[in-house]
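A short reminder: the numbers here are calculations on the coordinates, not readings from a lab. Given the structure is predicted, the values throughout are model-derived calculations rather than measurements. Here the Cβ is made from the backbone with ideal geometry for all residues, glycine too, and neighbour counts use every protein chain on show.
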Amino acid sequence: MPHARVAAGLAGLAFALLSYVFFDDAWIMLWAQARTGVAETRMVRLADGSRIELGPRSAISLDFDEGKRNVTLLRGEAWFDVAPDADRPFSVLIARGSVTALGTSFDISTTGERTEVTVAQHRVRVMAGGPAIIVDEGEQSAFGPGAAAVAPYRVQVDHVTAWRRGKLIFDDRPLTEVVSVLGHYLRGYILILDPSIRERRVSGVFDAAEPMAAISAIEKALGLRALDLGYIVVLTG
């Protein structure tokens, strides 16, 4: 009976998850002008000379006219290499915030409800629930629901942008965040049913093309158990 209840619970959870995914994908298909699927990246070249590299399961929409260049990051992660145009600011709109380029290359990642902005060249201005924050080269800021953009802090940009080279590098990140990132590379979903393990810390370098190998390595390093149900992988303590 306990096993039957667990199976029934997982079946219900899978149904709810698939329903959410269906409606989320339908919404993205309706609004996105460029998007990627699982484990797919894509370079988008804009008419103004700017380039956007989309990470897996990412999507953008565009709103360009004579006075503005606005890109909405609907989901996922993207690298922006912005062409200069003094008469038309280049801004990226994200849920609860915006990032305006000040002659720059930068990365924006949305993981769960957290957004991270990482600058590789020059600087950006971040607006998110508080005063404007200027983020300089080699720095990162982050914001989320009910939390304004935090003061910039130093990061290793090559680690943050390793996905562009087919690698995933995590430096002491919570398991729940790592699982969310790995989910962009896995044709299925990873669930953490045990709340007590969500904040376990993960560090390591993984091959983006081998998400299950990454899960196996994390399972061993943290002493977890990974139950592979085919389309769903369940992590428990």
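Helices meeting the span-like rule in the chain (full DSSP H runs, Cα extent of at least 20 Å along the helix axis, mean Kyte-Doolittle score of -1.0 or higher): 2-31.
Counted residue by residue at 0.36 nm each, then reduced by the alpha carbon distance between them, the extension gain from residue 148 to residue 198 reaches 15.7 nm.
Note that segment 89-212 carries a Kirkwood radius of 15.4 Å, evaluated over its alpha carbons pair by pair. The calculated FRET efficiency for residue 31 paired with residue 102, based on their beta-carbon distance and R0 = 30 Å, is about 0.65.
Using the crude model of +1 on Lys and Arg Cβ and -1 on Asp and Glu Cβ, and no other charge, please compute the dipole size for the chain relative to its Cα centre, in debye to 20. Don't skip to the end; give the middle numbers.
Working: 25 positive and 28 negative charges, 89 e Å.
Value, rounded to 20: 420 debye.
Near the amide H of residue 57, within less than 5 Å, lie the amide hydrogens of 36, 37, 38, 39, 40, all on another chain or at least 5 residues away, with H placed in the peptide plane. Evaluating 6.51 cos²θ - 1.76 cosθ + 1.60 at θ = phi - 60° for every residue in segment 230-237, the Karplus couplings come out as x, 8, 10, 10, 10, 9, 9, x Hz, glycine and proline recorded as x. Residues of segment 133-147 with an amide N closer than 19 Å to a point placed 7 Å from the Cα of residue 167 along the Cα-to-Cβ direction: 138-139.
For segment 19-160, report the convex hull volume of the alpha-carbon atoms normalised per residue, in Å³, without decimals. Before the final figure, lay out each step's value.
Details: hull volume 15.3 nm³, N = 142.
Spelled out: Cα convex hull of segment 19-160, divided by residues, is 108 Å³.
Taking the inverse of the average 1/r across all pairs of different Cα atoms in the chain, what Kirkwood radius in Å do you get?
Details: mean 1/r = 0.0529 Å⁻¹.
Kirkwood radius, the chain: 18.9 Å.
Proximity of backbone amide H atoms, modeled 1.01 Å from N, is registered between residue 69 and 91 at under 5 Å, excluding neighbours fewer than 5 places apart on the same chain. Annotation: amide H of residue 83 within the under-5 Å range of 50, 51, sequence separation 5 or more or interchain, hydrogens built in the peptide plane. Take each peptide in 83-89, 120-126, count the other Cβ atoms within 10 Å of every residue, and average; sorted highest first, the result is 120-126, 83-89.
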